[in-house]
Amino acid sequence: MREAPRNAEIAPDAVGSFITPAAARFVRTNFAVPRIDPRRHRLEIAGAVERPIHLGLADLRALPRRTLVVTTECAGNQRTSLSPLPPGEPWLGGAVSTGTFTGIPLAAVLERAGLRKDAIEILAEGADAGKTPSGEAHFARSLPVVKALDPDTLVALEMNGKPLTPAHGGPLRLIVPGWYGMASVKWVSRLEALTAPFAGYFQSERYVFVESGRTAQPVREMRVKALFSSPAPGAAVELGPVLVSGMAWSGSAPIAKVEVALAGGSEWIEARLTGPEEKHAWRRWELTWIPPWRGRHVLRCRATDASGNVQPDVPRWNALGYGANAVQSVLVDVR
Ligand SMILES: Nc1nc2c(c(=O)[nH]1)N[C@H]1C(S)=C(S)[C@@H](COP(=O)(O)O)O[C@H]1N2
Ligand SMILES: [Mo]
């Protein structure tokens, strides 16, 4: 947790809620939250378009809206599982949350300006700016045109049925389902259709997998992961049946199964998948465990998605510490 700029994990007691209340949501900010007057805010659409335009919030609200439930995880989440610890926010496991987002498909917004055929990427620039090692910059990221035109990529106005709060990008942010959080640019004020790849600081110096002996790869889809919501870490429970539960998600495919290894054992037992099934949201899982004895127990959980991706036992180290998705464990005291 850091105060200025503010970075905070999800409230631990909110992990088990399918929709994360706004006040409990994780926050990731690279620079100070920009001051924006929603009545005057204009979204500029420029670059490789037929008609460069500016749209106010009222113009956007007049376009057909969609609502999607979306789980977003910060690419640096669980970085502290890596050794040596890479630079960046020292997240434990709580840089993940789920919201109901209402907005206009980015494709419909671009259509207003008439996207030209030679556009290959859509750059989204936030109103926030500050110093980076390569000079003063706005938070800005580009999306390949196919992802930008995906009907589920939104220019969002609302989260959980209310106008977006300033901390979470209000009045306007991108929501890019399936991708790590950096793609969902907050306080978006400018879209530019590009005919050459964007190479700004937050595109080429950050949010890339840097591994020795390999060419750097962009960080995109969220890797498969499961976490515990109950019991809470270090919780004391009575000897008797214990409901073990949590959440699991993957940016590549639906969750196919979650398994739990009980009492430090190597045998994996399949949990039940329960609760709402939304294409871009985490899935709840649960399992009833009957502890065999009093004392301390270690439980582990592991998710597999429908593409066959499974969590590794050991995290894959990379220089900037992204995509850490090794199997998590929880310590339970049985009294
Ligand atoms: N303009 C802007 N957008 C941004 C960021 C930022 O610093 N500035 N941080 C990104 C990152 S790294 C993440 S993980 C998500 C976090 O969204 P949240 O704070 O609403 O949870 O916002 C993304 N969008
Ligand atoms: Mo992030």
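Quick rundown of the values:
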| read-out | value |
| --- | --- |
| Filter result (crowded, with 19+ Cβ neighbours inside 10 Å and either within 16 Å of ligand 1 (Cβ to nearest atom) or closer than 27 Å to residue 5 by Cβ (or both)) within region 42-60 | 43, 60 |
| Subset of region 283-335 (residues that are of a type in the set (A, V, I, L, M, F, W, C) and in contact with a helix residue (DSSP H, G or I) (Cβ under 8 Å, 6 or more places away or on another chain)) | 324, 326 |
| Meets criteria (small (Gly, Ala, Ser), crowded, with 17+ Cβ neighbours inside 10 Å and touching a residue at least 24 places away in the same chain (Cβ under 8 Å)) for residue 261 | yes |
| Test: residue in region 121-133 that is surrounded by fewer than 19 Cβ atoms within 10 Å (Cβ to Cβ) and modelled with pLDDT under 95 | yes |
| Tally, over region 222-243, of residues that are in contact with a Pro (Cβ under 7 Å, 6 or more places away or on another chain) and either surrounded by 19 or more Cβ atoms within 10 Å (Cβ to Cβ) or not in a loop (DSSP other than H, G, I, E, B) (or both) | 2 |
| Single unsatisfied condition, residue 85 versus (1) closer than 23 Å to residue 224 by Cα; (2) surrounded by 17 or more Cβ atoms within 10 Å (Cβ to Cβ); (3) more than 11 Å from ligand 1 (Cβ to nearest atom); (4) hydrophobic (A, V, I, L, M, F, W, C) | (2) |
| Enumeration of residues in region 143-183 that are within 16 Å of ligand 2 (Cβ to nearest atom) and farther than 21 Å from residue 27 by Cα | 143 |
| Filter result for residue 253 (in the same structural domain as residue 298 (by TED's automatic domain parsing), modelled with pLDDT under 95 and part of a loop (DSSP other than H, G, I, E, B)) | no |
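For every residue, the table says whether it meets (1) assigned to a helix (DSSP H, G or I); (2) aliphatic (A, V, I, L, M); (3) outside the structural domain of residue 162 (by TED's automatic domain parsing); (4) under 28 Å from residue 253 (Cα atoms).
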{"site": "16", "(1), (2), (3), (4)": "no, no, no, yes"}
{"site": "31", "(1), (2), (3), (4)": "no, no, no, no"}
{"site": "39", "(1), (2), (3), (4)": "no, no, no, no"}
{"site": "64", "(1), (2), (3), (4)": "no, no, no, yes"}
{"site": "75", "(1), (2), (3), (4)": "no, yes, no, yes"}
{"site": "89", "(1), (2), (3), (4)": "no, no, no, yes"}
{"site": "94", "(1), (2), (3), (4)": "no, no, no, yes"}
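Residues are listed down the side, and each one gets a yes or a no for (1) more than 16 Å from ligand 2 (Cβ to nearest atom); (2) modelled with pLDDT under 95; (3) not aromatic (Phe, Trp, Tyr):
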position	(1), (2), (3)
13	yes, yes, yes
19	yes, no, yes
22	yes, no, yes
25	no, no, yes
31	no, no, no
36	yes, no, yes
41	yes, no, yes
46	yes, no, yes
50	yes, no, yes
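The values are calculated or read from the model by the stated rules, or taken from the named source; none is laboratory data. The model shown is predicted, which means the values in this text are computed figures rather than measured ones. FYI the Cβ positions are ideal-geometry reconstructions off the backbone, even for glycines, and counts take in every protein chain you see.
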